[in-house]
1. All other residues with a Cβ under 13 Å from the Cβ of Pro269 taken together, and with Lys, Arg as +1 and Asp, Glu as -1, what is their net charge?
2. Among Phe231, Phe311, Phe324, what is the fewest-to-most ranking by other Cβ atoms within 10 Å?
3. May I ask you to order 244-255, 331-342 by the average number of other C-beta atoms within 10 Å around their residues, highest value first?
4. Kindly flag which residue pairs out of Lys172/Lys329; Lys166/Lys210; Lys82/Lys224 have an alpha-carbon separation exceeding 30 Å in this structure.
5. Could you please rank Tyr327, Tyr381, Tyr192, placing first whichever residue has the fewest other Cβ atoms within 10 Å of its Cβ?
6. How much net charge surrounds Ala199 when only the other residues with a Cβ under 12 Å from the Cβ of Ala199 are counted, with Lys and Arg +1 and Asp and Glu -1?
7. Can you sort Met219, Met196 from fewest to most other Cβ atoms within 10 Å of each residue's own Cβ?
8. Is the shape of region 133-270 rounded, prolate or oblate, going by the alpha carbon gyration tensor and its root eigenvalues a ≥ b ≥ c, with a/c under 1.5 for rounded and a/b larger than b/c for prolate?
Amino acid sequence: MRAGRRQFLLAAGMLPLVRPLRAADERVVIVGGGWGGLAAASHLRRLAPEIDVVLVDRQSAFTSFALSNRWLVDHGNSSIEKHDYAALAARWGYRFVPASVDSIDRAQRTVNTSAGRLPYDWLVLAPGIRENYAAWQVNDPQVVAELRQHYSGAMLNAADLPTLKKRLAGFKGGDLLMTIPPAPYRCPPAPYERAMLIAWWLKTQKIPGKLVIIDPNPMMPAFKSILLERFKAQVTYLDHARVRQIDPARKTVSTDIDDIRFDEAMLSPPQEAAGLLWQAGLIRRDAGGNSTGWADQGGLDFRSVADQRVFIIGDAAGLVSPVFGHYPKTGHVANRMGAIVARQIAASATGKTHPALLPESVCHVVSSVEPLEYTRIEASYRQRGDGFLMQQVKQVREPNPAGEDSAWAEAMYRDFLRP
């Protein structure tokens, strides 16, 4: 049965569910403790507390920074959220295993970790993304490590943000290069908000520098005039330009147009699903048989097309619609995916049904500093009568912001951090 047809029938309640077992006999293993994985764990505890829920992550603590761009240039009072995974697990009532995941054996239904083998009945994969430096002709792991250490754009891990802030504080002038990954990438408006805030910072601090932006995508309309007009003395914007190669020794990147030298850089190469999904054979291929770089999962239920016992959520998720492509790779979407998957697993294990949910996303971005103005970007989804998934994106100006962004972040964190 085609995936689209299966998703429609499932949403309509026309497919038989897996025969419920006793919930106490079932184990859900969740790989990845980000917004999606933590949401899946916390919602499962609320919906089916008798299920054995195990969260696996190689880090000891959850680190998130929902409003990080303004913090980088000391605008506002944002702060990093950091929570020990063991404490979160004790608070919500699931188990935490601090370990790296080496491989998944789907035939045996086991997750092979550095702490041993974990059998599962249901597997929720929320491993996030990886950065593809090979697209820039960088294949030496040591060179990749050096680039991440000295020039990371901090889009892979929130824990890298303090180092980026320190590098920006030490920038006294010259060319500050910023690369934006080709879409899709994590948090679509974030690079443009960051560019605007850094341009403002360069201007107000009277730093004799230029922000050089290499962008392979169309610029977000909300930032076009402010970057190209208000900060034209601080910004050089290279439209629809793609990085082809990088020479860290010469501090030079090669694009379709020219070679560009930099004094400091925030490098963000193309993104793709984390390596674990490649090992497990869960990456989607296009009609020509080529890898898309992202997972192959349903657009409504997030079940892997290859394995109905496996769910894939968060930034690693792949194509969901031939019209709009991917869901925005935001924390809000990942959180919603985790809740949706938890409802499905709980229903299969307990026989109790729960109201259906669809993904949604809300982003609050600073679109102007002086005068202060935010833009609220909302993405919502609905099914047509034939099961076709539709997307609506709405942008709302907030010319007199009154803490709506902080209130949104706090509400999101309460869902999976603060019961």
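1. Its environment carries a net charge of +3.
2. Phe324, Phe231, Phe311
3. Per-residue Cβ counts within 10 Å, averaged per peptide and sorted highest first, yield 331-342, 244-255.
4. Numbers: Lys172/Lys329 33 Å; Lys166/Lys210 18 Å; Lys82/Lys224 34 Å.
Flagged as over cut-off: Lys172/Lys329; Lys82/Lys224.
5. Tyr381, Tyr192, Tyr327
6. +2
7. Fewest-to-most ranking of Met219, Met196: Met219, Met196.
8. Rounded, because the longest to shortest axis ratio a/c is under 1.5.
Computed from the coordinates by the stated procedures, all read-outs in this text should not be read as laboratory data. Being a predicted model, the structure only gives us computed values, none of them experimental. Note that we place each Cβ from the backbone using ideal geometry, even for glycine, and neighbour counts take in every protein chain shown.
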